Amino acid sequence: MEAVQVSVIVPVYNSAQYLSECLESVLSQSFKNFEVICINDGSTDNSLEILKQFQNKDSRIKIIDQENQGVSTARNAGLKIAQGKYVGFVDSDDTIEKDFFGKLYDTAERNNADAVYSKISSIKVFPFKHEVLKGGDITKELIPLFLREDGLNSVCNKIFLNRTIQNHQISFPVGIKHGEDAQFNIHFLVHANSISFLEYCGYHYREVDGSATRNIIKHDYLQRIIEVYQTDWSEIIGDVISFKELEKLKKIRLINSVISLVYIYGNKGNEFTDSKRFSKLKQIVKNNTIVSVFSDPKIKGELCLGRYSNAIFENIRKQNIFLLYLLTQYSYYRNQ
C-alpha cells in the first residue's frame, strides 16, 4: 500500500451548514494520495452524521468523535494519528481549490522544504527576497515577522513536514483563547531547516460571523490583544531570539493592533452609540498595559507609521480621547 503523502486535519464544531461544501472541495483534489482526519469536537448539530455519510463514500476519511474541547485539542488529536509525510489544516467552513495540496506538496518536494506557505487574499506579496528561507534567515526574518504582526499566522494556507512535528512534539497550545496558530508556527520554525513560499492562493476563507466592525459587541478585541502581548514565548523560543529583541517585537505588534482597534471601536460604521465609542476609546487609553507600552520613549523609533497612524499613536500616548474620536470619523468619511 502506497504511503500517505499528506494528512489533512479538519476540526469540526457545529459546521453542518458548510461542512459538505468543505469536504467536497478537499476530496476533489487532483492530488490523490492523502487522508482526511475529521475531528468532531462535540457538535450539537448534525455535523457528525454528515461526516459519516462522507466516510461511507470515501475511505480516505477518518473520524475522531470527542467531547467539545476546542480547536487546539481537536487539531492535536488529528496530529496524533496523522500518517502523512506532510500535514495540512482546513477549517470546516472553508474551501480549497482542486490543485491546492498538489501544488504545496510538489513545492515541498522540489525544494526539500520543512513547510510551504501559500498566499491568502490578504497577502499581496511575500515580504522576502527569496522563494526559500533556510537556517539563520528563518531566525532573522521569519520568526520576528510572526512575533510583530499576524499576517502569516494561519496554519490553513500551509503544509508542514510531519517528521518535524513528531520529533519535536509540536502541538497547538491548550487553554488559551487567542494566538494558537502563531504559537504552533513559531514552535515549528524554531526547529525548521527550510521554508518555501509559493506565489499561489488556493485556500478560501468564509467569513461566517462577519467582519470585525460587525462583531465588536460579541468579541472583546482589546482583551485578545492584551492576551497575545502577554504570551510567554520563552519555552518555545529559548535563546533563538534575545529577551530584549522579543520584548521589542511584542510591543510593535501590540501598538499596531491597538491602532487598528481604535479605528474599529471609534468609527461610525460600527453598531455602537457615540457614548459607547467614547467609552471603548477610554478603555483603550487607560489600560495599564497599553499605557506602559505607548509611553516607552524608544519604541516609536522602531515603528513604521503613516501620517494617520502616527496621529493615532500620539493621541493614545497623550490619552486624548476626543481627538482619537475625531480622527476615526475623519478616516471613516474619507474612505466612503
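Here is how the numbers come out for the structure above:
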{"item": "Computed [θ] at 222 nm, deg cm²/dmol, the chain (DSSP H ≥ 4; -39,500 (n - 2.57); rounded to nearest 500)", "result": "-13500 deg cm²/dmol"}
{"item": "Distance in nm between pseudo-label sites at residue 132 and residue 298 (7 Å out along the Cβ direction from Cα)", "result": "3.8"}
{"item": "Total lysine pairs under 18 Å (Cα atoms) in the stretch 258-311, excluding pairs fewer than 8 apart on one chain", "result": "4"}
{"item": "Mean separation of Cα contacts under 8 Å (6+ apart) over length of the chain, as relative contact order %", "result": "16"}
{"item": "Under 26 Å from residue 98, Cα to Cα: lysines that are on another chain or at least 8 residues apart", "result": "32, 52, 57, 62, 85, 119, 124, 158"}
{"item": "Relative contact order [Cα under 8 Å, 6+ residues apart], the stretch 1-151, whole percent", "result": "30"}
{"item": "Relative contact order (%) - the stretch 193-336, alpha-carbon pairs under 8 angstrom, separation at least six", "result": "26"}
{"item": "Among 313, 164, 66 the positive-end extreme of the charge dipole of the chain (Cβ point charges)", "result": "313"}
{"item": "Accessible area of the chain belonging to carbon and sulfur atoms, whole % at 1.4 Å probe", "result": "47"}
{"item": "Mean accessible surface per residue for the chain, computed with a 1.4 Å probe while every protein chain stays in place, in Å²", "result": "49"}
{"item": "Principal-axis tilt of helix 307-317 within the chain, Cα atoms, nearest 10 degrees", "result": "70"}
{"item": "Fluctuation leader among 274, 94, 137 - the chain, Gaussian network, Cα springs under 10 angstrom", "result": "274"}
{"item": "C-alpha long axis of helix 16-27 to longest principal axis of the chain, angle in °", "result": "60"}
{"item": "Unit charges on C-beta of K, R, D, E only; dipole of the chain, Debye", "result": "1320"}
{"item": "Folded to 0 to 90 degrees: helix 71-81 orientation relative to the chain principal axis, Cα", "result": "30"}
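The values are calculated or read from the model by the stated rules, or taken from the named source; none is laboratory data. A quick note: this is a predicted structure, and the numbers were derived from the prediction, not measured. Cβ atoms come from the backbone with ideal geometry, glycine included; neighbour counts cover every protein chain shown. Protein only, heavy atoms only, side chains kept; ligands, DNA and RNA dropped before computing areas. Shrake-Rupley method; radii C 1.70, N 1.55, O 1.52, S 1.80 Å.
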